[in-house]
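What follows is a single structure, written as structure tokens, with notes after it.
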Amino acid sequence: MAEKALLDRSQVKKAVQALQAFLKNKASGEAPFLDETQHISLLFTLWKIPKEAQTIRIPLPHGQRSDTEEICLFTRDEPNMTSEQTQRFYKKLLQERGVKGISEIIPYKVLKTEYKPYEAKRRLLGNFDLFISDDRIRRLLPSHLGKHFYKSKKEPLCVNLQSKHLARDIERVIQGTSLKVTNKGCCCMARVAHSGMTADEVTENIEAAVQTVVTKLRMKGPVIKLIHIKSQTSVALPVYTSDLGHLSVLESKQAQTPKDKESASTKKNKTEDKEQADATAEGKRKVKKVKKNKAAAEEEEEIPQLVPIETPVKKPKLEKASKKKKLEKAPKPAALKKGTKAQSKLIKKTDSKFCCIL
């Protein structure tokens, strides 16, 4: 990569010497009786914002933490042991493996009970400079520690306490560093050294950190734009500046991408238009076929001939019945209405006489 080739060791050493001289003058002028060391950090400025967040572990050839820093270790609760017994167990384990620098051991049960209030968590955060945890309980810690540990960038670093090379692993975690690359901006910073180190040690740490960041960063093309070194109270001093040729490469890539997108969109539109035209042509063909089939079917069908319907002739019986009904319904004369009872009696008597004669 270009960053490896263009990082000048002499330029880095000059910047480190200037920074150390500034820190010495400031310390002698403000508080000569205090012998405090300040952190020296690397500030990376990227060409573009990363798409995904990433945490890069950086091993350093020289330890970037002083011996005066306090380190706390969170361990799991051992079965059939109290919290005091677990503390003794892990202290003995660290002594046997040759681990040094751990100032206090806190089991998980003690963390849940004694450090549950907010004030206790704030005191725990201020009492230690670094926190290490057993990798078997790393998922349980965020809910008990709180957001202040993560805002102050003091979240516990995981270590495998069952490893055969425990001293080496813990030393790498303590003396190494990590770079958090976020997808919310193009700048990120990592602690690399302290003011009590020599200029050569600081330069070697800077070179190792830049190499690991360049190799492990998940980005394509020219990545790093600027690299600065700074302390907690100083101005950022430039160590590396990218070539302007990288800018032309990025601009050419950005110019190519919209063209490719436009060409892809035009191709998609053309294919869609062709598909629509083919669909309309097929639809028209189907309609024509249907019309032809209907016309052929109409031609083949024979038109039925109209036949007149014969009216039925009335029978003579029905006519006689109708005549009898008309006769029965005929009104009686008015002369017969008077004295109908007497006439009916006379008619009955005459009828009976005729019947006897016969």
Review point. Any idea which of (1) in contact (Cβ under 8 Å) with a residue 24 or more places away in the chain; (2) surrounded by 14 or more Cβ atoms within 10 Å (Cβ to Cβ); (3) in the same structural domain as K112 (by the TED database) is the one R138 doesn't satisfy?
Key: (1)
Practice item. Considering every residue within the range 27-34, establish whether at least one is within 30 Å of L226 (Cβ to Cβ) and surrounded by 13 or more Cβ atoms within 10 Å (Cβ to Cβ). Key: yes
**Study point:** Test: residue in the range 196-204 that is farther than 15 Å from K13 by Cβ and either surrounded by fewer than 17 Cβ atoms within 10 Å (Cβ to Cβ) or not assigned by the TED database to the domain that holds D135 (or both)
**Key:** yes
Review point. Within the set of pairs 6+ apart or on separate chains, which have a first residue in the range 159-171 that is modelled with pLDDT of 85 or more, a second that is of a type in the set (G, A, S), and C-beta atoms under 6 Å apart?
Key: A167/G98; D169/S163
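Residues checked against (1) at pLDDT 90 or above; (2) under 30 Å from H194 (Cβ atoms):
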{"site": "T55", "(1), (2)": "no, yes"}
{"site": "H62", "(1), (2)": "no, yes"}
{"site": "T86", "(1), (2)": "yes, no"}
{"site": "F89", "(1), (2)": "yes, no"}
{"site": "V99", "(1), (2)": "no, yes"}
{"site": "I105", "(1), (2)": "yes, yes"}
{"site": "R138", "(1), (2)": "no, yes"}
Review point. What number of residues within the range 205-234 satisfy the criterion of being assigned to a helix (DSSP H, G or I) and either hydrophobic (A, V, I, L, M, F, W, C) or open to solvent by less than 20 Å² (accessible area, probe 1.4 Å) (or both)?
Key: 7
Check your understanding: In the range 66-84, how many are open to solvent by 40 Å² or more (accessible area, probe 1.4 Å) and either of a type in the set (A, V, I, L, M) or in contact (Cβ under 8 Å) with a residue 40 or more places away in the chain (or both)?
Key -> 3
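The values are calculated or read from the model by the stated rules, or taken from the named source; none is laboratory data. Fair warning: this is a prediction, and the values are worked out from it, not measured in the lab. Every residue, glycine as well, gets a Cβ built from its backbone with ideal geometry; the counts of neighbours run over all protein chains shown. Ligands, DNA and RNA are excluded from the accessible area calculation, which covers all protein heavy atoms including side chains. Shrake-Rupley method; radii C 1.70, N 1.55, O 1.52, S 1.80 Å.
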